[in-house]
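Chemist: I am attaching a structure below and will ask some questions about it afterwards.
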Amino acid sequence: MRESFIEIDRKRLYHNWQVFKQHIKPGTQILANLKANAYGIGAYEIGQLLEQWDVSYFSVAYINEGVTLRQKGIKTNLLVFNPSFEHFESLVTYRLEPEVSSLAYLKALITFLKSRGIRDFPVHLKLDTGMHRAGIMPSELSDLQALLQDESIKVASVFSHLAAAEDPSEDDFTQRQITLFKQMSRQLAAGLPYGFFRHLLNTAGVFRFSEAQFDMIRPGLGLFGYHLTPEYQQLLQPVMQLKTKINQVKRLSAGETVGYNRKFTVDTSAKVGLLPLGYADGISRRLGQGKYTVKCGGHHLPVIGVVSMDTLSIDLTGTGCKAGDMVTVIDHNRDIYRLSEQLQTIPYEILASLSHRLERRYAQ
């Protein structure tokens with residue numbers, strides 16, 4: 001087994017869990033978002049911990065993610081955001097609860113459930129309040145209400161998605177989304193003989209629009225300690241570090257080159273370390289040529305040459321770092337934001353790119 005792994009700090013995760021609990025009103029439920037392998041940190045590993053803390057729901061993007069969690073032993077209610085028409089059987093077999101964002105999907109699901117004699121199967125209605133991705137439009141509510149009378153289904157929740165909750169310049173738009181969500185969900189509630197959860201807020205929404213908490217919140221990246229707004233980032237603690245060990249060290253003379261296409265040339269002499277990490281692990285090829293540094297023994301060491309699929313090289317010149325020493329590639333501090341700025345992207349993309357082949361470990 002190679003020594004490249006993601007380290008998850010339980011105490012930091014618990015701290016973030018408590019931050020969200022402190023920012024919600026009594027009785028509000030928490031749906032923890034585990035899509036994209038819990039934003040690259042490890043869906044099963046995070047799920048194991050959150051199940052100990054009375055999480056109400058998990059969510060994933062696709063059915064196969066939910067099936068994997070069930071097969072590994074996760075028992076908490078699981079909402080699937082992007083279910084497909086081809087996998088109704090898996091929904092039933094693995095107790096997965098689908099998002100319904102179109103009338104066509106709901107009709108097909110009802111047909112399947114009726115063919116199996118299934119009643120009160122839980123569904124989650126996604127309303128389009130302005131994001132204009134998936135979601136049922138206001139003009140479709142009457143047709144939706146008619147379909148909801150079928151006894152094969154039961155509405156577990158009604159929700160929508162804020163397009164710009166973190167952006168103060170878009171607060172007027174966000175308020176219009178909140179108002180429309182209230183109207184649409186109220187209309188649906190009036191046509192059903194039972195109640196359901198309502199939820200709208202992502203991480204940014206929890207902190208900035210507390211009046212719209214309704215019955216449940218949906219923190220995602222914030223649970224893992226990251227926020228796009230510095231003001232709220234101070235409340236959270238990043239839970240993960242990416243670590244590896246130096247595989248090999250070699251001495252190179254002036255004029256020799258490192259890596260594919262000879263992109264790095266040694267000026268005088270150099271001590272070069274090889275790390276068992278590459279772009280197949282989510283380390284972008286754009287981080288070579290000294291554009292990013294890693295940490296070993298108190299030193300900040302530049303990545304040199306081109307990042308390969310499975311390895312990358314670092315400059316150890318002038319340090320005592322040797323083969324077998326631990327290297328921190330992403331730490332608890334601002335590395336994610338430093339990476340994001342370098343690659344002109346957001347922390348979500350950096351974390352979600354971290355490969356499944358990296359082992360996830362709990363910090364002791």
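The values are calculated or read from the model by the stated rules, or taken from the named source; none is laboratory data. None of these values were measured; they are calculated from a predicted model. Neighbour counts are summed over all protein chains in view; Cβ atoms, including those assigned to glycine, are modelled from backbone coordinates with ideal geometry.
Chemist: Please determine, by comparing only the residues of region 133-162 that are out of contact with any helix residue (DSSP H, G or I) (no Cβ under 7 Å at 6 or more places or on another chain) and small (G, A, S), which one is nearest to Y348 (Cα to Cα). Spell out the reasoning first.
Modeler: Within region 133-162, the first condition is being out of contact with any helix residue (DSSP H, G or I) (no Cβ under 7 Å at 6 or more places or on another chain), and the residues that meet it are 133-135, 137, 139, 142, 146, 148-149, 151, 154-157, 159, 161.
Those left that are additionally small (G, A, S): 134-135, 139, 142, 146, 156-157.
Values: A134: 20, G135: 23, S139: 33, S142: 37, A146: 39, A156: 28, S157: 26 Å.
For region 133-162, the residue satisfying everything is A134.
One line per residue, one yes/no per condition, for (1) modelled with pLDDT of 95 or more; (2) of a type in the set (S, T, N, Q); (3) closer than 26 Å to Y94 by Cβ:
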| position | (1), (2), (3) |
| --- | --- |
| P122 | yes, no, yes |
| K126 | yes, no, yes |
| S139 | yes, yes, no |
| D143 | yes, no, no |
| K154 | yes, no, yes |
| D171 | yes, no, no |
| L180 | yes, no, no |
| M184 | yes, no, no |
| A204 | no, no, no |
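Chemist: Do any helices (runs of 4 or more DSSP H) lying entirely in region 166-273 carry at least 2 residues that are hydroxyl-bearing (S, T, Y) and in the same structural domain as T129 (by TED's automatic domain parsing), and which ones are they?
Modeler: Details: elements: 171-190, 203-208, 230-233.
The helices (runs of 4 or more DSSP H) meeting that bar are 171-190.
Chemist: Further question: In region 65-123, how many residues are in contact with a strand residue (DSSP E or B) (Cβ under 7 Å, 6 or more places away or on another chain), among the β-branched types (V, I, T) and closer than 27 Å to S139 by Cβ?
Modeler: Going through region 65-123 one residue at a time, the tally reaches 4.
Chemist: Sticking with this one: Just to be sure before I move on: is R361 in a strand (DSSP E or B), surrounded by fewer than 19 Cβ atoms within 10 Å (Cβ to Cβ) and modelled with pLDDT under 95 in the structure I sent?
Modeler: Values: in a strand (DSSP E or B): yes; surrounded by fewer than 19 Cβ atoms within 10 Å (Cβ to Cβ): yes; modelled with pLDDT under 95: yes.
For R361, the condition - in a strand (DSSP E or B), surrounded by fewer than 19 Cβ atoms within 10 Å (Cβ to Cβ) and modelled with pLDDT under 95 - is met.
Chemist: Could you tell me which numbered condition V266 fails, if it satisfies all but one of (1) crowded, with 17+ Cβ neighbours inside 10 Å; (2) out of contact with any Asp or Glu (no Cβ under 6 Å at 6 or more places or on another chain)?
Modeler: Against the list (1) crowded, with 17+ Cβ neighbours inside 10 Å; (2) out of contact with any Asp or Glu (no Cβ under 6 Å at 6 or more places or on another chain), V266 comes up short only on (2).
Chemist: So how many residues does region 78-98 have that are crowded, with 17+ Cβ neighbours inside 10 Å and either without any contact (Cβ under 8 Å) to a residue 40 or more places away in the chain or farther than 21 Å from Q145 by Cβ (or both)?
Modeler: Here is the first cut: in region 78-98, the ones crowded, with 17+ Cβ neighbours inside 10 Å are 78-81, 83, 87-88, 90-91, 94, 96-98.
Checking which are either without any contact (Cβ under 8 Å) to a residue 40 or more places away in the chain or farther than 21 Å from Q145 by Cβ (or both) leaves us with 78-81, 83, 87-88, 90-91, 94, 96, 98.
Counting residues in region 78-98 that are crowded, with 17+ Cβ neighbours inside 10 Å and either without any contact (Cβ under 8 Å) to a residue 40 or more places away in the chain or farther than 21 Å from Q145 by Cβ (or both) gives 12.
Chemist: When only residues in region 333-364 that are of a type in the set (D, E, K, R) and out of contact with any Gly (no Cβ under 8 Å at 6 or more places or on another chain) count, which is nearest to D281 (Cα to Cα)? Give the derivation first.
Modeler: Here is the first cut: in region 333-364, the residues of a type in the set (D, E, K, R) are 334-335, 338, 341, 349, 357, 359-361.
Still in the list and also out of contact with any Gly (no Cβ under 8 Å at 6 or more places or on another chain): 334-335, 338, 341, 349, 357, 359, 361.
On the way: R334: 20, D335: 17, R338: 18, E341: 19, E349: 13, R357: 7, E359: 11, R361: 16 Å.
Once the filter is applied, the top-ranked residue is R357.
Chemist: Only one residue in S340, S308 is touching a helix residue (DSSP H, G or I) at 6+ places or on another chain (Cβ under 6 Å) and surrounded by 14 or more Cβ atoms within 10 Å (Cβ to Cβ). Which one? Steps first, answer last, please.
Modeler: Working: S308 fails: touching a helix residue (DSSP H, G or I) at 6+ places or on another chain (Cβ under 6 Å).
Going through S340, S308 in turn, just one is touching a helix residue (DSSP H, G or I) at 6+ places or on another chain (Cβ under 6 Å) and surrounded by 14 or more Cβ atoms within 10 Å (Cβ to Cβ): S340.
Chemist: Filter region 173-227 down to the residues that are hydroxyl-bearing (S, T, Y) and surrounded by fewer than 20 Cβ atoms within 10 Å (Cβ to Cβ), then identify the one that is farthest from S340 (Cα to Cα). Full working, then the answer.
Modeler: Pass one, region 173-227, residues hydroxyl-bearing (S, T, Y): 174, 179, 185, 194, 203, 210, 226.
Now drop any that are not surrounded by fewer than 20 Cβ atoms within 10 Å (Cβ to Cβ), which leaves 179, 194, 210.
On the way: T179: 34, Y194: 45, S210: 28 Å.
Going through the qualifying residues, I end up with Y194.
For every residue, the table says whether it meets (1) in a helix (DSSP H, G or I); (2) under 16 Å from G135 (Cα atoms); (3) touching a His at 6+ places or on another chain (Cβ under 6 Å); (4) of a type in the set (F, W, Y).
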position: L69; (1), (2), (3), (4): yes, no, no, no
position: G73; (1), (2), (3), (4): no, no, no, no
position: L79; (1), (2), (3), (4): no, yes, yes, no
position: N82; (1), (2), (3), (4): no, yes, no, no
position: L91; (1), (2), (3), (4): yes, no, no, no
position: P98; (1), (2), (3), (4): no, yes, no, no
position: L106; (1), (2), (3), (4): yes, yes, no, no
position: T111; (1), (2), (3), (4): yes, no, no, no
position: K114; (1), (2), (3), (4): yes, no, no, no
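Chemist: Residues in region 301-334 that are in contact (Cβ under 8 Å) with a residue 60 or more places away in the chain and either of a type in the set (D, E, K, R) or not assigned by TED's automatic domain parsing to the domain that holds S253 (or both): how many?
Modeler: 3
Chemist: Given (1) buried (at least 16 other Cβ atoms within 10 Å of the Cβ); (2) among the charged types (D, E, K, R); (3) part of a loop (DSSP other than H, G, I, E, B), identify the lone condition not met by K322.
Modeler: (1)
Chemist: Scanning for something modelled with pLDDT of 95 or more, among the β-branched types (V, I, T) and within 29 Å of Q175 (Cβ to Cβ), does region 106-115 turn up at least one residue? Step through it out loud before you land on a result.
Modeler: Our first condition is that a residue be modelled with pLDDT of 95 or more; within region 106-115, this holds for 106-115.
Filter again for among the β-branched types (V, I, T), leaving 110-111.
If we keep only those that are within 29 Å of Q175 (Cβ to Cβ) as well, we get none.
Within region 106-115 (the criterion being modelled with pLDDT of 95 or more, among the β-branched types (V, I, T) and within 29 Å of Q175 (Cβ to Cβ)), the answer is no, since none of the residues qualifies.
Chemist: Can you name the number of the only condition in (1) modelled with pLDDT of 95 or more; (2) touching a Ser or Thr at 6+ places or on another chain (Cβ under 7 Å); (3) of a type outside the set (A, V, I, L, M) that T319 fails?
Modeler: All conditions pass for T319, except number (2).
Chemist: May I ask you to list the residues in region 20-35 that are at pLDDT below 95 and of a type in the set (A, V, I, L, M)?
Modeler: Correct list: I24 only.
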